[in-house]
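Trainee: Before I ask anything, here is the structure I am working with.
The values are calculated or read from the model by the stated rules, or taken from the named source; none is laboratory data. Nothing here was measured: the structure is a model prediction, and the numbers come from that model. Cβ: placed from backbone, ideal geometry, glycine included. Neighbour counts: every protein chain shown.
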């Protein structure tokens, strides 16, 4: 897509009004909440958010809601199925003239990585199979955050979590959810980071011009679960992008394109050393080996790009 | 029975305080209950933990309704209705506050006749990083004020509960606990081991018949938007960001876009304003402002500056 | 009105069609599948307006059903057995959302061992979910119950999902003459769906199914579900009378067959109840004053009606086609709690029968009646009994021998 037709050329084109309500019970410095408000400022209130169990369950606690528009809480495994029901119902109402065009809503699934990478994967794949017209926002905080950051299928190799406190940290590897989506050949899928709001806004603009299943997989630093000061939340995002650990890319028209190519990638240590969950890697030679492994994986990934 | 409630903020180690105190009593042969109370609230939000200790078997359950001791780790909570520091306070409830404000001021502010012990805040808990140490200090306060726990037992309990920490942090915790314990010698055993019950046999429970409400009333549905604004998450702050408008370059988007809580709004003049009712004090804006026009100020000082009691 | 031969599954599909269900989230499972096949065929041939979407599981199916009802359309769905249990989390969830729709459950015994034929443990597992439950014993009842179910579900004092239950095989695959209400009459009876202001549209923000924190708020919402369900007792009576006035068929909340002057009654649910009715006729002919009591509504449990119907009865044989492992028959327990402390309460006997679709023979009904009469006369109530014959035991021993099971010293036989 050419840059010229786009609305968001620079940060000055950004919405200045904050549409998402304050007063939520999310932790100070929550990277998930940050990306939700950036998205909400762009999408606006003609939306219904279908929420999967996770940290964001607590966005709406009776009688308080930060949404200007609508919301439905479902369960951990089946938010995309809830979106299916709501989307189909809205279509039925539109077709039978019980809902006016201007009353229509964009259906948005809001899910953490715990649901997205694991329990909710079947429902997500089903919604993709059916070509459901919806936006899927996964705030990926790389663990079961709401229960105290146990490892999830999104946890990076080596990270200490409440259930991987041993020497090597988490033994598994982070699942590649972006590629899982791409394998379904959806109209749109992208990774984003709230630390790069312009990239995010451009992606939101693109996905709004498309219909069908559209995903935003959002890097969501978690001060509580990852062990860093809340003030560094955005900087952690910057470092994830600059080290190449979190590639910013999109799947569109059947092809993967990287939207940000870090010119000179920083060593992954710059990212790792600022988080308590990786502190143990710097304390032993075995840990150093894991750091080298992580660096190697990032290098191999970027060698494959271009 | 001793009934102790610790009030603090998420991140200030109130659960730790409860566990250290619980273990201390346990080591002294008491029957014990200790528990933290969680809600939706996160780091910085008012939370509490509680401990019961008795020479006989404890049959009570759940939150303490009539405390014999209330320990307040963060004096900014004392006046917050949401924190309910004063809940169940009676004439013989001892209130211990870590605060640099004198006891007389608290007595008139809180309108209390019951005993108040004001303890100057140790330096160790003043910085952002030291907050977790507040829990250790509070446990020491409670141990001394209850008077049934020797210092050696307190130290043993600290080791048991915090043994997983780095040796240097454990040593610092032990020395803070010891210093706090020693400094409170005049208050040894001001809290009484009371044999009373938490309930009265004379008060009716006040039950009401719950009648059927129409479905549109009785469904868990919010008819409307943005009601979360009624929740003043500004009370979570321990530090507040303050904008120096003279320095602000009026880029208008940066601090506002990066504020996770949508608590910074930019006026038509391009000058951002922080909504202190909702700002949780994460200080992302302080870290992001490219011209360093936003600084972090301890909340208590920020309040005094806001009230004109201290120069900015 | 039109009279034709229909299976129970066919009747369920006709119920959805006549009620003008607009949205059908589906997932195939034996013995329910024919319901969604029927509906899909009608929708594909434009005989029926509507949209059928096959989800990837019953859990998702129930979520989509709840979501669509929350968005303001009339929803129908159907499942069975393992499917109902797979959706169990969402049964409680959507009932808590207070969304109205109708779910047909075709009863089938639960795994393990996995099997195909029916008993009622699946539907009883959902007993406490908040769904209203109507249990059918004929194919005619199935179509009528679906129409009644929409009125109950969408009533502004109730607004809870309703489950209509029929037995797999004995009803689902069995054709019986069914009188179908005409489309116009059915549509008039059911009426349009009023979402009571709880539907999603731009400009009218609505947060549904929000969390609560604290037992006090939870108690309010949960108990209000209970109170709403209890409202369904009187509402059902009114609707049933209205239905009779319009269609000439009566389906009271508690069916009482020949209970006048009855000394003993069978008490049970489901399709085997018609066999009990047959036994009642035979017993009456032989001079035994027998009767049959069949609660159609299982939730809410029609306690007052049951007490009325059972007044004067001296002995009740509760036949449970289910088993609460470690306790016994579920209906027996329910009835005991309804009758405890009543003046001149009858003796209660518990029989477990028909598990996994095992037949209950006429001889067994007669035998049950005799045991019950003996208990009334002697005042001595026997232990609960599983309906299981010596032939059956011999047969399972043969199978065990083929399975190379070492029987010696490991089992007690009667020979």
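Trainee: I'd like the full set of residues that are part of a helix (DSSP H, G or I) and on the phi > 0 side of the Ramachandran plot, limited to segment C:44-99. Let's see the steps before the verdict.
Mentor: Within segment C:44-99, the subset part of a helix (DSSP H, G or I) is C:44, C:58-70, C:81-86, C:88-97.
Within segment C:44-99, just C:81 meets the criteria.
Trainee: Oh, and also: Does segment A:27-59 hold any residues that are assigned to a loop (DSSP other than H, G, I, E, B) and either more than 7 Å from every other protein chain (Cβ to nearest Cβ) or buried (at least 24 other Cβ atoms within 10 Å of the Cβ) (or both), and which are they?
Mentor: First, the residues of segment A:27-59 that are assigned to a loop (DSSP other than H, G, I, E, B): A:27-30, A:44-46, A:52-54.
The answer is A:27, A:28, A:29, A:30, A:44, A:52, A:53, A:54.
Trainee: Turning to a different aspect of this structure: For segment C:236-248, which residues satisfy the criterion of being under 14 Å from residue C:297 (Cα atoms) and surrounded by 16 or more Cβ atoms within 10 Å (Cβ to Cβ)?
Mentor: Passing the criteria: C:236, C:239, C:240.
Trainee: Could I ask something else about it? Let me confirm something: among A:271, A:188, which residue is in contact with a helix residue (DSSP H, G or I) (Cβ under 7 Å, 6 or more places away or on another chain) and more than 20 Å from residue A:32 (Cα to Cα)?
Mentor: Working: A:271 fails: more than 20 Å from residue A:32 (Cα to Cα).
After ruling out the rest, the residue left standing is A:188.
Trainee: Here are C:30, C:54: which of them is under 24 Å from residue A:129 (Cα atoms) and facing chain A (nearest Cβ under 9 Å)? First the steps, then the outcome.
Mentor: Details: C:30 fails: facing chain A (nearest Cβ under 9 Å).
Testing whether each residue is under 24 Å from residue A:129 (Cα atoms) and facing chain A (nearest Cβ under 9 Å) leaves just C:54.
Trainee: Report yes if residue C:144 is assigned to a helix (DSSP H, G or I) and either crowded, with 22+ Cβ neighbours inside 10 Å or within 22 Å of the chain's Cα centre (by Cα) (or both), otherwise no.
Mentor: Details: assigned to a helix (DSSP H, G or I): yes; either crowded, with 22+ Cβ neighbours inside 10 Å or within 22 Å of the chain's Cα centre (by Cα) (or both): yes.
The answer is yes for residue C:144.
Trainee: Only one of (1) under 26 Å from residue A:211 (Cα atoms); (2) not in a strand (DSSP E or B) is not met by residue A:137, so which one is it?
Mentor: Failed condition: (2).
Trainee: Looking at B:49, B:83 in this structure, which one is buried (at least 23 other Cβ atoms within 10 Å of the Cβ), more than 21 Å from residue A:29 (Cβ to Cβ) and in contact with a helix residue (DSSP H, G or I) (Cβ under 6 Å, 6 or more places away or on another chain)?
Mentor: B:49
Trainee: Could you list all residues from segment B:240-258 that are more than 9 Å from every other protein chain (Cβ to nearest Cβ) and surrounded by fewer than 22 Cβ atoms within 10 Å (Cβ to Cβ)?
Mentor: Those that are more than 9 Å from every other protein chain (Cβ to nearest Cβ) and surrounded by fewer than 22 Cβ atoms within 10 Å (Cβ to Cβ): B:242, B:243, B:244, B:245, B:246, B:247, B:248, B:249, B:250.
Trainee: Another one. Of all residues being surrounded by fewer than 23 Cβ atoms within 10 Å (Cβ to Cβ) and at the interface with another protein chain (Cβ under 9 Å from one of its Cβ atoms) in segment B:259-273, which is modelled with the lowest pLDDT? Just the residue, please. Full working, then the answer.
Mentor: Of the residues in segment B:259-273, the ones surrounded by fewer than 23 Cβ atoms within 10 Å (Cβ to Cβ) are B:265-271, B:273.
Filter again for at the interface with another protein chain (Cβ under 9 Å from one of its Cβ atoms), leaving B:265-266.
Values: B:265: 93, B:266: 90.
Here the answer is B:266.
Trainee: Filter segment C:206-225 for residues that are more than 9 Å from chain B (Cβ to nearest Cβ) and free of Cβ contacts under 8 Å to residues at least 60 places away in the same chain; which is surrounded by the most Cβ atoms within 10 Å (Cβ to Cβ)? Working first, answer last.
Mentor: Within segment C:206-225, the first condition is being more than 9 Å from chain B (Cβ to nearest Cβ), and the residues that meet it are C:215-216, C:218, C:222.
Now narrow it down to the ones that are free of Cβ contacts under 8 Å to residues at least 60 places away in the same chain: C:215-216, C:218.
Working: C:215: 10, C:216: 8, C:218: 15.
Ranking the qualifying residues of segment C:206-225, first place goes to C:218.
Trainee: Which residues, counting only those in segment B:280-312, are touching a strand residue (DSSP E or B) at 6+ places or on another chain (Cβ under 7 Å), part of a loop (DSSP other than H, G, I, E, B) and within 12 Å of another protein chain (Cβ to nearest Cβ)?
Mentor: B:281, B:283
Trainee: Here is a list of conditions, (1) part of a helix (DSSP H, G or I); (2) closer than 24 Å to residue C:9 by Cα, and residue C:306 meets all of them except one; can you say which number that is?
Mentor: (2)
Trainee: Taking residue A:194 as the residue in question, decide whether it is within 14 Å of the chain's Cα centre (by Cα) and within 14 Å of chain B (Cβ to nearest Cβ).
Mentor: Details: within 14 Å of the chain's Cα centre (by Cα): yes; within 14 Å of chain B (Cβ to nearest Cβ): yes.
Yes, satisfied.
Trainee: Please specify each residue of segment B:190-212 satisfying the condition of being modelled with pLDDT of 90 or more and either closer than 27 Å to residue A:48 by Cα or surrounded by fewer than 10 Cβ atoms within 10 Å (Cβ to Cβ) (or both).
Mentor: If the condition is that a residue be modelled with pLDDT of 90 or more and either closer than 27 Å to residue A:48 by Cα or surrounded by fewer than 10 Cβ atoms within 10 Å (Cβ to Cβ) (or both), then B:201, B:202, B:203, B:204, B:205, B:206, B:207, B:208, B:209, B:211 are the ones that fit.
Trainee: Mind listing whichever residues of segment A:63-95 are more than 8 Å from chain C (Cβ to nearest Cβ) and more than 25 Å from residue A:20 (Cβ to Cβ)?
Mentor: Of everything in segment A:63-95, those that are more than 8 Å from chain C (Cβ to nearest Cβ) and more than 25 Å from residue A:20 (Cβ to Cβ) turn out to be A:94, A:95.
Trainee: If you check residue B:231 against the conditions, is it more than 30 Å from residue C:100 (Cβ to Cβ), within 14 Å of chain C (Cβ to nearest Cβ) and surrounded by fewer than 23 Cβ atoms within 10 Å (Cβ to Cβ)?
Mentor: On the way: more than 30 Å from residue C:100 (Cβ to Cβ): yes; within 14 Å of chain C (Cβ to nearest Cβ): yes; surrounded by fewer than 23 Cβ atoms within 10 Å (Cβ to Cβ): yes.
So residue B:231 passes the test.
Trainee: So residue A:21 clears everything in (1) more than 7 Å from every other protein chain (Cβ to nearest Cβ); (2) under 26 Å from residue C:203 (Cβ atoms); (3) touching a helix residue (DSSP H, G or I) at 6+ places or on another chain (Cβ under 8 Å); (4) modelled with pLDDT of 95 or more except one condition, right? Which one?
Mentor: The single condition residue A:21 does not satisfy is (1).
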